[in-house]
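A quick write-up on the structure given underneath.
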Amino acid sequence: MWRQRHLLYLAQAGGSGYRVYKSSEYMSGVYRNWLNFCRRSRNRMRLIVQVGFTALTNGYVLGFIKGKIYKGPTKALCVPGLNCYSCPGALGACPIGSLQAVLGSRNYRFSFYIIGFLIFIGSLIGRFVCGWLCPFGLIQDLLYKIPFSETERGRTCPDISGWYG
């Protein structure tokens, strides 16, 4: 119902004919302000969760100071979201990196632990991991906030199809 009302065009009788309004122009300012407030609050909460989870999974500060990779007992556990195994601050293992290491080893044995972890997390919280917990999602959000001029955004990659014969 809301979507139909939102897409509906409203007509108002005028002196020389009809003026057509989009429903977004017709929407009350209070409702529009409430929607903007909800979006800003959600984005702020998401940023707090992303920074907190990144600090939690990459919180080995001593590794950054010494330049050594953490080799403690939590490194054997996968964390939800992509996490660089060789990062000095990483306290857990990346599930995709762990799966790659198992598949690339000489004595290949199927890793039920890693596949089970991916299926469990995927079925439990789905894409929430990518948008809210993954440190790479935080990096993408921060890169998106870098302002670019309109001319830089409109640029495309050069056509290199003719370069190879």
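Brief remarks on what is shown
- Residues of segment 53-98 satisfying the condition of being open to solvent by 40 Å² or more (accessible area, probe 1.4 Å) and outside any loop (DSSP other than H, G, I, E, B): Ala55, Leu56, Val61, Leu62, Phe64, Ile65, Lys66, Pro73, Thr74, Ala76, Ile96
- Candidates are the residues of segment 99-113 that are open to solvent by less than 100 Å² (accessible area, probe 1.4 Å) and assigned to a loop (DSSP other than H, G, I, E, B); the one that is farthest from Trp132 (Cα to Cα) is Ser105.
- The set of residues from segment 118-139 being of a type outside the set (Gly, Ala, Ser) and surrounded by fewer than 12 Cβ atoms within 10 Å (Cβ to Cβ) comprises Ile119, Phe120, Leu124, Arg127.
The values are calculated or read from the model by the stated rules, or taken from the named source; none is laboratory data. Since we're looking at a predicted model, the values are computed, not measured. In this analysis, Cβ positions are derived from the backbone assuming ideal geometry, glycine residues included, and neighbour counts consider all displayed protein chains. Accessible surface areas use protein heavy atoms only, side chains included; no ligands, DNA or RNA. Shrake-Rupley method; radii C 1.70, N 1.55, O 1.52, S 1.80 Å.
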